[in-house]
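**Student:** My structure is below; once you've seen it, I'll send some questions.
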Amino acid sequence: MRLSTPAVVCLLLAGSFDVASAQQRCRVMDPTGTPLNVRTSPNGTIVGALPNGLLVSVIDRTVDGRGRAWVYIARRASGRPIGWVFREFIACF
């Protein structure tokens, strides 16, 4: 069966959305060089900090009332939830 160009593009886009909706492989990348604060909720209480380079998975995302993107992350190796961090300091690939 031969697919038309629009059909192929649609299939490729659909595949990329499936991957994007799953857990993403990411790394803590705070350009300030300081540990990244982890919170109980977006804008919540700080409960810890993460070093640059730590591998994490994004398991949820939201935007706060000020328009800032947040992600709920877990440790990549164990899947254990960590908490909420600013999205801009997480690099996903």
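**Student:** If you place +1 on the Cβ of every Lys and Arg and -1 on the Cβ of every Asp and Glu, how big does the dipole about the Cα centre of region 23-92 come out, in debye to the nearest 20?
**Tutor:** Using only the charged Cβ atoms, the result is roughly 160 debye.
**Student:** With the alpha-carbon atoms as the only input, what is the per residue convex hull volume for region 48-88 in Å³?
**Tutor:** 72
**Student:** When the chain is fully extended, how far beyond the present Cα-Cα distance does Arg27 get from Phe86, taking 0.36 nm per residue of separation?
**Tutor:** The span from Arg27 to Phe86 would gain 20.0 nm if fully extended.
**Student:** May I pose another question? Starting from the 7 Å offset along Cα-to-Cβ, what nm value, one decimal, do you get for the label separation of Ser78 and Thr40?
**Tutor:** In this crude label model, Ser78 to Thr40 measures out at 2.1 nm.
**Student:** Specify whether the C-alpha gyration tensor of region 22-77 places it in the rounded, prolate or oblate class, a ≥ b ≥ c being the square roots of the eigenvalues: rounded for a/c under 1.5, otherwise prolate if a/b is larger than b/c and oblate if not. Display every interim value, and only then the final one.
**Tutor:** Working: a/c = 1.62, a/b = 1.15, b/c = 1.41.
Oblate shape, in that a/c is at least 1.5 and b/c is the bigger or equal ratio.
A short reminder: the numbers here are calculations on the coordinates, not readings from a lab. It should be emphasised that the depicted structure is a prediction, and the values quoted were computed from it without experimental measurement. Note that each Cβ is placed from the backbone with ideal geometry, even for glycine, and that neighbours are counted across all protein chains shown.
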